[in-house]
Structures are given as structure tokens and as C-alpha cells.
Amino acid sequence: MAYSETWDLDAIFAGGSSSKELATFTKKMKDDLDQLRKRIDSLSSKPNDDWKAFILDVQNLNARFFQASSFTECLEAQNTSDKEASQLTGRLDAFRATLKTIDVRLEDLFLRADDADWKKLLASKELEPIAFALNEQRTLAKKKMDPEKEILTTELAKDGYHAWGRLYDKIAGSLRADWKTNGKTEPISMGQLHNKMESPDGAVRKEAFEKLEGAWKSVADYTAAALNGQAGFRLTMYDQRKWDSVLFEPLQLNRLSRETLDTMWGVVADGSEKLLPYLDEKARLLGKKKLTWYDKSAPVASKERALDYNEAAPYIVDQFTRFSGDMAGFAKMAFEKRWIEVEDRAGKGAGGFCTDFPVSEETRIFMTYGGTFGGVSTLAHELGHSYHTWLLRKKPYYATMYPMTLAETASTFCESLILDAALEAATDEEERLTLLDKKLDEAATMMMNLRSRFVFEMNFFKERTNGPLSVDKLNELMVAAQKEAYCNGLDDNAYHPYFWASKLHFYITTYPFYNFPYVFGYLFSNGLYDRALEEGPSFAAKYDALLQDTGIMTCEELAKKHLGIDLTKPDFWQASVNRATGHVGDFVKLAQQKTGAAR
């Protein structure tokens, strides 16, 4: 069957940014929020049945808010010129701020509750399923400012901290570059321009990179202001809360210990040099002494698999079937119900994402599909996110709020399914070389590119304590971080100094340090994938059970329960890095055979 390349948002709220359904939905949310603000004053200082009802109503309102904000996110992504959608997002930000003040006042009640009464409250059948989230909220509240200051901070963040993020989104969404095709010059988005760096033509890749750098350079003063503004707000807030590290919040959000993070990065740093032979041989295949930034994802063989969307969809379903019939069935449903937006057109936002609609029990995937096998992997990646959310759809909303570390596990696991299946079915050495390149390019992205982002952010925040950084200084920090993470393995004159400006993840205020969760998820999924290979078909049920627990455990607890491993020790991470780099020798051998450089 032919699948639509555009998604169906009317099934959520008909009418787009002018939706009457959405207006009615948000009006009811506002009315209910107003009632909650009045009700909280009447709550007893001692936990009772009124507490239960109030907590459940707040949970329900949070789920509805997420439903509405996901919808406006989709509207803005599909059309960056949709001004009404931007206004809706702004109004929802105000709603979120008010909802946050309810949370702060509720946390104050949590703190006043006697420990014995608190435990008794959470043991009730209504709240036991979300006890983990409520305990987490209470524990974190002990490490915040007094309620009045927290409420003020939340209000100020609405038009300060988060406004910087909205400004960046607007800049990125409206940025265009001129591109000539068949003698005709047209403006294209940054997402379309980025896709051109996967072209087999080196001149096209170079031109695309130069235009990308030029475009971001033209707005660098504004993106630098946004980055500095966000960081200043965050540092001041952390200082007032007496949090001694910029990693405190991201570690809390990701339910990860500093010990585990440091162990993982230590193993990654030590293992990154294993990828240097791959980078060197890929450079030779492309006729260069050293690989450039814009050649990292370049195809290395004539048999670059190209699939249009209607070929990619059944291919993904078939590969998912080899692991799990349930996963394959879900993917097929997502394609058929038009939960996916992939059309390559101007006016779309850059990048890709998966978002969920907890009230409707649906998800939506956004990306620009370029017809390459890399696009197939990205599509599988987002379907992994979507399947993860689908497994949790019947649980209470607070029990579905898994951290980004574990969100990236499901997505990268699905990528592995796709790439390994293709590698297994490869019919000749050219195709095998291409697929090995895809696997190792992903390893380099996770272990080097993502690490460069982490190193940059750590150094940026250290410098930012002394005041805002200039564009030149940001460029300097970015290139230094890239050289460190890539072990000086790229051409000295072809790094990406404006990467800090071009990468959305640096500007996401709700998830600071959105870099190490990808690496954790990638390596953790490698461990899961090894287990799947060892245990065979029976592992699919265990995999689902693990994903269903991701909203009610820390990363360490989840790994211990479902895999029997200790994430604070290097053994697991070393095995995962070894799997990630395990095909370097195969790639080098095939590459040298092709170039005649075999020794």
C-alpha cells in the first residue's frame, strides 16, 4: 500500500492552529487549574483522602497539558511560519508556569508531612502505582529554595529562561539558505541543507557545509545571546538552590548517578581511539588525507542503499518482525494511521522528534526523509521512541515519565535491529562496506560527536560563571571540544565551529545537557542487544517488561533488576564499547581492498 508522507493531526484536534476542539480543551484545562489553585488552600497539613484526590487531579491536568503542548509542537514543526501556533505555545507556557506553582505548593505540603503518614499515603491503591514519582518529587523538593522563591523563579522563567528557547526555535525555523538545483535557485531549510551532507558528491557536501556555516554565522550574535541568557538564568537558579554542579539537574532528570556517568565517559574516552583507523580509512576512500566534518556521513561505496518512503516502511516492519511481532504490528499501525510526517519540503522545522499524546494514547513522529539508508535508520530510531511510549499508554501518567537516558535506549535498539539485519543480508562487498560505515558512523557520532557536546557544555558553563561568552570564544570552545572528542582524528581545518549555534539540543530548557542521555541509551541498548542475541525470541517479552519499568526506577535499579548488572562498574560499559567498535577491523580490511592499500 502507499503510505502518506504527511501526518494526521486532525485525529488529535481538528482544525490545526485554529482548532475549536483545542480551544475548548485548553479552556477546560484553565478552568480546572483555577479550581486546583483554590482547592490547595483547603488541604489539611496531614495526608488524607483529599490529598489523594488532589494529587490525582494534578496528574490528570499534567497529562492534558502535555497533550496540548505536543500538538502545538507538531504544528510549529510542520510549518515554521504558523504564527497562530507560536502564540498557542506562548499561552501554554503561561499555563505551564501556573501548573508549576501548584507543584511547588504541593511539594511544600509533601515536606511538612510526617514520614510515617507519607508512607501510608503512598501505600494506598490509588497512589501506589505512582509512588516512585511522588517520592522523587518530595526528595528533590528538599534541595530547592523556599516555596515563595521557587514560585517566583517559575514565573520569571516563563518570559526569561524559556523565552530564550522559543527565540532560538524561531531563529532556527526561519533560517534559509539559497540552493541551486537544475539551474534554479531556491531557499531551503537547515534540515534540507543538512541532508545534502549525505550526498555522494564531495563538492555538494562541501558547498552544503559552507552554506550551513554561513547561515549560522549570520545569526550567531542572536544564538549566542540566547545561549548565554539561558545559561545565566540556570547558573543563578542553581546558586540560589545551593546546587554545586551544573550536572545536578540533568542527572536528577535522567535518574542517573554521577558515579555511573563518570564511569561511562571514562570508558568512552579510553575506547574512542579504537575508531581512528575507521576515520583514516574512510578518508582514504574519499580521496583525502584526513576526514572533514562534512564528510563524516558521506557514502563510501557505489551501493548506497536508497529507499523511498513506501519501500522504507515495509522494510522496517519486516525487520522489527524478526525481533518482536508486537513491535512490528505497532510500526505497521503507525504507518497506516499516518502518525508520521516525513515529507521533504521547505517551511518545515529542522531535525526530528517523537512526541506522545497521553490523553489520546497516540504518538507522532516528525522528520524530513531524504531517501537514504540513514533516513531509514532515523525513522526506525523514532519508531523505537514511539513503541516505548505505546507500551506505557495504559499506565498512570506519572508512571510513564521515563528519563531521556532510557528513552534513547529503545530508539537506538531499533536502529541496531535495522542495521544488523541489513548487514546480515548484504550480498556483496560494496553493500557490506556501506553498512559497516553506517554502523561505525553511528559509533563515532555517539562516542565522539556527543562527547564533544558534553565537553563543550562543561567548559562553557565553567567560563560562563565569569560572564557572557563572545561568538569567537564559543567557536573556540566548540572546536577544542571536537578535537578532544575526535582524538584529533579529523582535518584540523575542517571542524564545525558554529555547531553550538546549529544544534537545537543546546537550547532545550526542559532538558539541560541533552547529550549524555544519547550515549547512555546507545551503549545501554548495546548491552540489551547482546542479551537479545544470547537469549533469542524469548527476550522480546523481557525487553517489553524492562521498558514498562522505565518510569518507576532509576537507571541503576532498572539495570540491576532486568539485566543483573552494576552500571557504576566499567565492565558493562567496556563490553558495550567493544561491541560498538567491533567492526572497525572488517571495515578497514574491505576499505583497503577497495583502495589497493591493503598491507
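The values are calculated or read from the model by the stated rules, or taken from the named source; none is laboratory data. From a predicted model like this one, the values you see are computed outputs, not experimental measurements. In this analysis, Cβ positions are derived from the backbone assuming ideal geometry, glycine residues included, and neighbour counts consider all displayed protein chains. Heads up: the accessible areas ignore ligands, DNA and RNA and are worked out on the full protein's heavy atoms, side chains in. Shrake-Rupley method; radii C 1.70, N 1.55, O 1.52, S 1.80 Å.
Against the longest principal axis of the chain, how steep is helix 570-581, in degrees 0 to 90 to the nearest 10, with axes from Cα atoms? The angle comes out near 40 degrees.
For segment 342-358, putting each phi into the Karplus relation 6.51 cos²θ - 1.76 cosθ + 1.60 with θ = phi - 60° gives couplings of 10, 4, 8, 8, 6, x, 8, x, 7, x, x, 7, 10, 10, 10, 10, x Hz, in residue order, rounded to whole numbers and with x for Gly and Pro. Rolling a 1.4 Å probe over the protein chains gives VAL219 an accessible area of about 20 Å².
Per residue, the average separation of C-alpha pairs within less than 8 Å and at least 6 apart gives segment 139-258 a relative contact order of 28 percent. If you average the alpha carbon positions of segment 130-155 and of segment 523-576, how far apart do those two centres end up, in angstrom? Value for the Cα centre distance between the two parts: 30 Å.
Looking at segment 496-599, none of the GluC sites (Glu not before Pro) sits in a DSSP loop with at most 13 other Cβ atoms within 10 Å of its own Cβ. Surface exposure of segment 1-81, expressed per residue as accessible area with a 1.4 Å probe, stands at 48 Å². For segment 343-495, the solvent-accessible area with a 1.4 angstrom probe is 31 square angstrom per residue. Expressed as a whole percent, the accessible area of segment 50-128 that falls on carbon and sulfur atoms is 46 (1.4 Å probe).
Could you provide, to the nearest whole Å², the per residue accessible area of segment 140-260 with probe 1.4 Å? Averaged over the residues of segment 140-260, the accessible area is 49 Å².
With only Lys, Arg, Asp and Glu charged, each at its Cβ (+1 for the first two, -1 for the last two), find how big the charge dipole of the chain is about the Cα centre; round to the nearest 20 debye. Numbers along the way, then the final one.
Values: 78 positive and 90 negative charges, 168 e Å.
Dipole magnitude for the chain comes out near 800 debye.
For PHE454, the accessible area of its heavy atoms, probed at 1.4 Å with every protein chain present, is near 20 square angstrom.
Which option, (i) -0.67, -0.84; (ii) -0.90, -0.98; (iii) -0.56, -0.73, is the value of log10 I(q)/I(0) by the Debye sum over Cα atoms at q = 0.08, 0.09 Å⁻¹ that was calculated from these coordinates? Computed from the coordinates, log10 I(q)/I(0) by the Debye sum over Cα atoms at q = 0.08, 0.09 Å⁻¹ corresponds to (iii).
May I ask you to derive the relative contact order of segment 286-394, considering only C-alpha pairs under 8 Å and at least 6 residues apart, and to give it as an integer percent? Each step should come with its number before you reach the end.
Numbers: 104 pairs, mean separation 28.3, N = 109.
Reported as a whole number, the value is 26 percent.
Neighbours of GLN319, meaning other residues whose beta-carbon lies under 11 angstrom from its beta-carbon, give a summed charge of -3 when Lys and Arg score +1 and Asp and Glu score -1.
Roughly what % antiparallel, to the nearest 5, for the DSSP beta bridges in the chain? Intermediate values should be presented prior to the final figure.
On the way: 12 of 15 bridges.
Percent antiparallel among DSSP bridges in the chain is about 80.
All other residues whose Cβ lies under 13 angstrom from that of THR581 are scored, Lys and Arg at +1 and Asp and Glu at -1, for a net of -2. For the chain, averaging the sequence separation of C-alpha pairs within contact (under 8 Å, six or more residues apart) and dividing by the residue count gives a relative contact order of 19 percent.
Could you work out the Kirkwood radius for segment 275-332, taking every pair of different alpha carbons, averaging 1/r and inverting it, reported in Å? List each step's numbers first, then the result.
On the way: mean 1/r = 0.0714 Å⁻¹.
Over segment 275-332, the inverse of the mean reciprocal pair distance is 14.0 Å.
Between 0 and 90 degrees, the angle of helix 202-218 with respect to the longest Cα principal axis of the chain falls at about 40 degrees.
Would you mind calculating the gained length between ASN578 and THR185 on full extension (0.36 nm times residue separation, minus the Cα-Cα distance), in nm to one decimal?
The ASN578-THR185 span can extend by a further 136.9 nm.
Taking only protein heavy atoms and a 1.4 Å probe, the accessible area of segment 142-258 is 52% carbon and sulfur. Within the assembled protein chains, the solvent-accessible surface assigned to GLU198 is about 50 Å², based on a 1.4 Å probe. Helix 471-485 axis versus longest C-alpha principal axis of the chain: approximately 70°, rounded to the nearest ten.
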